[in-house]
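The next block holds one structure in the form of structure tokens; read it before the comments.
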Amino acid sequence: MVATALCSLSCLLAVAVLLAARENNGAAALDAQAAYLSRLKQDFAGPAMARWDFSSSPVVDYCRFQGVACDDKGDGNITGIDLTSWRLTGRIPPGICAALPALLDLQLGFNDIRGGFPAALLNCSSLETLNLSYSGVSSAVPDLSPMLALRALDMSNNLFTGAFPVASLVNMTTLEVVNFNENPGFDVWRPPETLTRLRRLRVLILSTTSMRGGVPAWLGNMTSLTDLELSGNFLTGRIPPSLGRLANLEFLELYYNELAGAIPDEIGNLSRLADVDFSENRLSGAIPDSLCALPRLRVLQVYTNFLTGPIPAVLGNSTQLEILSVYKNQLTGELPADLGRYSDFNVLEVSENLLTGPLPPHACANGKLQYILVLSNLLTGTIPAAYADCSPLLRFRVSNNHLEGDVPPGIFALPHASIVDLSYNHFTGAVSSSVAGAKNLTSLFASDNRLSGVLPPEIAEAGNLVKIDLSNNLIAGPIPAELGKMVRLNQLSLQVNRLNGTIPKTLADLRSLNVLNLSENALSGQIPEALCALLPNSLDFAGNNLSGPVPPAMIKDGLLESVARNPGLCVAFRLNPRDTTMPMCHRDADKRGLAGSAWIVGACAVVCVVAMLALARRWMMRRWAAQDGEQDGTSSSSPGSRRGHGVSSYDVTSFHKLSFDQHEIVEALIEKNIVGHGGSGTVYKIELSSGELVAVKKLWVSSSKQKQQRGGHGGWGGEEDEGRELRTEVETLGSIRHKNIVKLYCCYSGADSNLLVYEYMPNGNLWDALHGGGWGFLDWPTRRRVAIGVAQGLAYLHHDLLFAIVHRDVKSSNILLDADFEPKVADFGIAKVIQATASSRGDTTASTTTIAGTYGYLAPEYAYSSKATTKCDVYSFGVVLMELATGRKPIEPEFGETRDIVQWVTAKVAAAAEAEALDKGLAWSPFKEEMVQALRVAVRCTCSIPGLRPTMADVVQMLAESGPAGRMGKADKDYSSKQPKPVV
């Protein structure tokens, strides 16, 4: 009996020991999990990690930590960590798999992961979900095949390089989701048929991953797919009909490739398809009826192809259709009459086709329509009255059609619209006074119609207007003086109407104005001299009944052509005595006599004094040149240098009426006037005898070129780089006039040097203002003014000239600032004029094959192409806009390895952490929301796919809308659920 009791006691002790050991092992495991989380907090740091408090109690209950999930058994095993958008920076500590053996779900997206792909994750054989999207992960992707249990892998929007990891993916047969979207740094690769091993795969997103070849026909065997996206990969060939076998497919996106041929009818077999995008390819043939009849079709985007035939009428029966985007094709026939009648229709985008017939009357039947973009077709009829009550509309563009009838008054008063474009039609009636209610309107275009009536003063209450073009109509009456209140107005084009009365002096208050065109009207009275404050911008008063003297400033700027065909105008003086196109002003008889003589004597005396002072100054400057100029080789007293630097040895080309003696420039090229040096020459600041300041860029000519010129070639001929850059700059700047483009007065070309004479910018360049230190800090209103000014200058170069000019070196150091911090785009030495379109569709991709520009500002397409397009300038401007909002340089150590400001800001914006990126010096600023909006515009400008970047005209629009009174919130929203798409 005693033996039995002892035996039982021994068993109990053994069980107790085993239980104690088990408890100790469990406690040790729990301690290991807590220790790893503590190390993760240290190594992957950020303010959000303060949510994990390890000091609250002796036993840390980490299962209650935000972002941490534990199993349902209550034993404390961590099964999930979600740190998405915590804005953390650092590395993932090693040992994660050993410390967290039950980990199934790891979400690290929208952070800043350093050191490449976290190698420690490769040992996590139980991990089922891994998300590293938008985390700036760089370097090559390792072999992922050890992660045997992985079901969902999201590596999108990173900086991976090297080989695409397809070899390891095909062995991971548990995969259901694979997303590598927007990783353009991979080596070129082609998908192997072995991908069909992934029989569970539902989502395959490989857009912009350097894939090449065609769309594989064997993809039709992957019948579990619900989402297939291969956009942005330069894929060629046809869309395989075999894709029609993917019965579960809901999303099919093949845009931005080079696919050709017809859209297969078999796509109409995909009864679950909701979103199809074949845009920006070379597809031809008709849009299949079977595709448009799909019962769940919500988005149909096939813009910028060569499609023909009608838009299938069956689309009018759709109960799901929200977006129809088919612009830039060759479609014919009428729009479906019931389009939008039975669905929450949101976007009608059919511009640049050959469509005929009326506008669909029921497009806004359900009150969701935001975009009507039908410009450049052959549409007829009137604007449906129901459109005037479509208050959600953001953009209403029907220009370049054959529409007629009175414009419904409500069209002018759409409360949320940013653009109303009625140009080049046959509209009648008047501009309604209801336009006062268009509080978000920034552009009103109604040129080349038959509008009549008067210009309502109430238009001034639409205070966000930036552009007004009502030219070539029948509008009569006076120009409202109230227009002077429209401080944002950049363009006022009222030419070729029947306006009468005088030119309001209040227009001089429009200090943002770039274009004022009142020509070919019946205006009378004098030209208000106050309007000269708007110079050097484009002013045109020609073809009116104006009288009196032309303001002297307009004569000085050579703008007599802008006041031609006004018989009553005269000039008080002539810069060129031979120019008799306009008569001299005559003094009244009652003012002649002694008073007149006294005035003449006084004027002569002033002229004599000025002449004497000029002679004295020249004598002094020659003395200085003799003493100080030898080091620079410009002494005018040296016989040897006089031949090289006297004005007689230069060919002088003027682009503006000059107010200075040309000798003054050459004689002032002395050492004490030097303000900077560059690789090609020297920059001088010269004060003229009139007190005016100019900047002179002196470019040295290479010795080989000097020999060529002395052998009979003058000017800036030859093919040397400096000669070509000089010629480009002179030809470019000499032909354009804009307040945000630096003014080139003249060019001196000589045997050993060339001189460019510019207006002087006292506040230097934007780079020094932002990064140089040593002088005043720029507040946000000033920075915003700079951004809008530069955008307007570039938009002028891209859109307002006969041939677009691509600057190719837009950067903050090439943006000069005048005394009022008005920006001027400068340095056109490598600009390119696009003189031919790349295709009949109007693409502006003609370019040079020489890579030009500055690191940090270069568009990424330069990695595989040297094409200089306007979209390259848009990208560079986006970088400048990021500099303005963040105060940071394009390349900073804080951005991390192989990253620049674009990747850094894009990650912040994607994580809704824009405030962290803003210039800390403006932390007190009440304009934070405007700065955030500017960053979002900058991110759109720097999209890695050129076609998704806005035009500079759109950028001006977006920046105007982001102002204090112009915030719209949804004005530029991405109406596609997948990728931002361009809006015409």
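Here are the numbers for the structure shown:
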{"quantity": "Candidates Asn537, Asn514, Asn566, filtered to the one that is over 26 Å from Thr442 (Cα atoms) and assigned by TED's automatic domain parsing to the domain that holds Leu483", "calculated": "Asn566"}
{"quantity": "Selection within the range 465-508 - of a type in the set (A, V, I, L, M, F, W, C) and more than 25 Å from Ser418 (Cβ to Cβ)", "calculated": "Leu474, Ala476, Ala481, Val496, Leu499, Ile503, Ala508"}
{"quantity": "The one condition in (1) within 15 Å of Leu422 (Cα to Cα); (2) of a type in the set (A, V, I, L, M, F, W, C); (3) assigned by TED's automatic domain parsing to the domain that holds Pro310 that Leu335 fails to fulfil", "calculated": "(1)"}
{"quantity": "Criterion: part of a helix (DSSP H, G or I), over 29 Å from Asp154 (Cβ atoms) and at pLDDT below 90 - qualifying residue of Ala48, Ala32, Ala14", "calculated": "Ala14"}
{"quantity": "Enumeration of residues in the range 371-412 that are in a strand (DSSP E or B), among the small types (Gly, Ala, Ser) and over 16 Å from Ser423 (Cβ atoms)", "calculated": "Gly381"}
{"quantity": "Any hit, the range 540-557, residues being out of contact with any helix residue (DSSP H, G or I) (no Cβ under 7 Å at 6 or more places or on another chain), of a type in the set (Val, Ile, Thr) and in a helix (DSSP H, G or I)", "calculated": "yes"}
{"quantity": "In the range 497-519, the residues that are buried (at least 16 other Cβ atoms within 10 Å of the Cβ), in contact with a strand residue (DSSP E or B) (Cβ under 9 Å, 6 or more places away or on another chain) and in a loop (DSSP other than H, G, I, E, B)", "calculated": "Asn497, Ile503, Leu510, Leu513, Asn514, Leu518, Ser519"}
{"quantity": "Subset tally (residues that are part of a loop (DSSP other than H, G, I, E, B), touching a helix residue (DSSP H, G or I) at 6+ places or on another chain (Cβ under 7 Å) and among the aliphatic types (A, V, I, L, M)) for the range 142-174", "calculated": "3"}
{"quantity": "Strands (runs of 3 or more DSSP E) completely within the range 190-280 that count 1 or more residues being over 30 Å from Thr308 (Cβ atoms)", "calculated": "203-205"}
{"quantity": "Test: residue in the range 339-348 that is under 16 Å from Asp289 (Cα atoms) and either without any contact (Cβ under 8 Å) to a residue 40 or more places away in the chain or aliphatic (A, V, I, L, M) (or both)", "calculated": "yes"}
{"quantity": "Sole exception among (1) within 21 Å of Leu507 (Cβ to Cβ); (2) in contact with a Pro (Cβ under 7 Å, 6 or more places away or on another chain); (3) loosely packed, with under 13 Cβ neighbours inside 10 Å for Glu561, by number", "calculated": "(2)"}
{"quantity": "Restricting the range 283-326 to residues that are touching a Phe, Trp or Tyr at 6+ places or on another chain (Cβ under 6 Å) and assigned to a strand (DSSP E or B), the residue that is farthest from Leu393 (Cα to Cα)", "calculated": "Ser284"}
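The values are calculated or read from the model by the stated rules, or taken from the named source; none is laboratory data. Quick caveat: nothing in here was measured; it's all calculated off a predicted structure. Glycine also receives a Cβ, built like all others from the backbone with ideal geometry; neighbour counts cover every protein chain displayed.
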